[in-house]
1. Working carefully through the options LEU304, LEU292, find the one that is surrounded by 15 or more Cβ atoms within 10 Å (Cβ to Cβ) and part of a helix (DSSP H, G or I).
2. How many of the residues making up segment 135-146 are surrounded by fewer than 22 Cβ atoms within 10 Å (Cβ to Cβ) and outside any loop (DSSP other than H, G, I, E, B)?
3. For segment 154-242, give me every one of the strands (runs of 3 or more DSSP E) that falls completely inside it and has 1 or more residues that are farther than 23 Å from VAL104 by Cβ.
4. Looking at ASP155, ASP149, which is the one that is touching a residue at least 40 places away in the same chain (Cβ under 8 Å), of a type in the set (D, E, K, R) and buried (at least 18 other Cβ atoms within 10 Å of the Cβ)?
5. Restricting segment 108-135 to residues that are within 14 Å of the ligand (Cβ to nearest atom) and of a type in the set (A, V, I, L, M), which is modelled with the highest pLDDT?
6. Which numbered condition in (1) surrounded by fewer than 18 Cβ atoms within 10 Å (Cβ to Cβ); (2) not in a strand (DSSP E or B) is the only one that ARG262 fails?
7. So which residues in segment 29-73 are of a type in the set (D, E, K, R) and over 17 Å from the mean Cα position of the chain (by Cα), if there are any at all?
8. Can you name the residue in segment 238-254 that is of a type outside the set (Asp, Glu) and surrounded by fewer than 20 Cβ atoms within 10 Å (Cβ to Cβ) and is also nearest to GLY69 (Cα to Cα) among such residues?
Amino acid sequence: VHLQMNEIKNTVRSLNLTSKGVDTLGKANSRFPIRITPHVCSLIDPGNPDDPVGKQFIPSKHELTDHPGESSDPLKEADYMPVPGLIHKYSGRVLVLANSNCAVHCRFCFRKSAVYPENSNAEPPDLLKTRSYVKTHREIKEVILSGGDPLTLSDESLSKMIVSFSSISHVETLRIHTRMITADPSRITDDLIRVICSGKPLWMVLHINHPQEWSTSASEACRRLADAGIPLLNQTVLLRGVNDRVNTLADLSRLLIRNRIRPYYLHLLDRAPGTNHFAVPLDRARQLIHGLREQLPGFAVPQLVQDIPGNTSKTVQFD
Ligand code: SF4
């Protein structure tokens, strides 16, 4: 479910934005369409322009300005796409862009140019070609379904993908990357869990950046996933003005651990156009990890990583 423009304007008015703010919204919408769910709206504190959830989904005027070093394909993913919709960058695993649709549009997204609502009803791209590529590359042990958000696919479409890749003998595990625990935890139905459990062992990587994204329904969704035996990891993007404080990140890690989710990665921002206002310098990021290590057990401290095009794995920025 996503809001139409007039509903977005109403939401934003309830956040006390001025008419100038609504104007910004229109301009930002034409660069990267605004998409936000009723569930996310319920997490935003109306009247707080610095709300850490609002900042992730409501555009600011800063995103109308590009900065040097920003790129519509900052990770140069197009260079690693042997067939459309499949990225083979690291040895032993491939990432499949399962669709180009997301339930929400995060304003800092590095795949902004790949995520677009016109494609929202698109079927998974080139499933036959992607499967054929994986089948002929015996070194591929893991298939990662990403996007867009694979959980915006119907159960039927997702099931086809899971069954299709699971039937390749050398594929040992699958992975799903999803933002749905923040966007709409009600998507985690019993039927969906049955689909997820129907193929090779599957790991799920969530994307949660701030404790305020959590909700009772998120707890319930993750409890059912964990009870079904699905290992849960979380990746967080480090965002200036949203989560660049030790206590915020420590609270997030504790919340995740309580819900049987292992904090996995803390990503430095990938520089998509108009995202400079979210960037946190590397020195500050390292200070934050140092602070986390003083407060938390090792397994609750995420790895600080950066995706540098051309490297054979993610670059760890804190040892
Ligand atoms: S859900 Fe993921 S792919 Fe979609 S806009 Fe957010 S960060 Fe980008």
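1. LEU292
2. Number of matching residues: 5.
3. Numbers: elements: 173-178, 202-207, 232-237.
Fully inside segment 154-242 and qualifying: 173-178.
4. Numbers: ASP155 fails: buried (at least 18 other Cβ atoms within 10 Å of the Cβ).
Matching residue, one of ASP155, ASP149: ASP149.
5. So the first thing to find is which residues in segment 108-135 are within 14 Å of the ligand (Cβ to nearest atom), and the list is 108-117, 119-120.
When the remaining residues are screened for being of a type in the set (A, V, I, L, M), the result is 114-115.
On the way: ALA114: 64, VAL115: 57.
The qualifying residue modelled with the highest pLDDT is ALA114.
6. Of the numbered conditions (1) surrounded by fewer than 18 Cβ atoms within 10 Å (Cβ to Cβ); (2) not in a strand (DSSP E or B), the odd one out for ARG262 is (2).
7. Here is the first cut: in segment 29-73, the residues of a type in the set (D, E, K, R) are 31, 35, 45, 50-51, 55, 61, 63, 66, 70, 73.
ARG31, ASP45, ASP50, ASP51, LYS61, GLU63, ASP66, GLU70, listed by residue number.
8. ARG240
The values are calculated or read from the model by the stated rules, or taken from the named source; none is laboratory data. Model, not experiment: these values are computed from the prediction. No Cβ is skipped: glycine too gets one built from the backbone with ideal geometry, and neighbour counts run over all protein chains shown.
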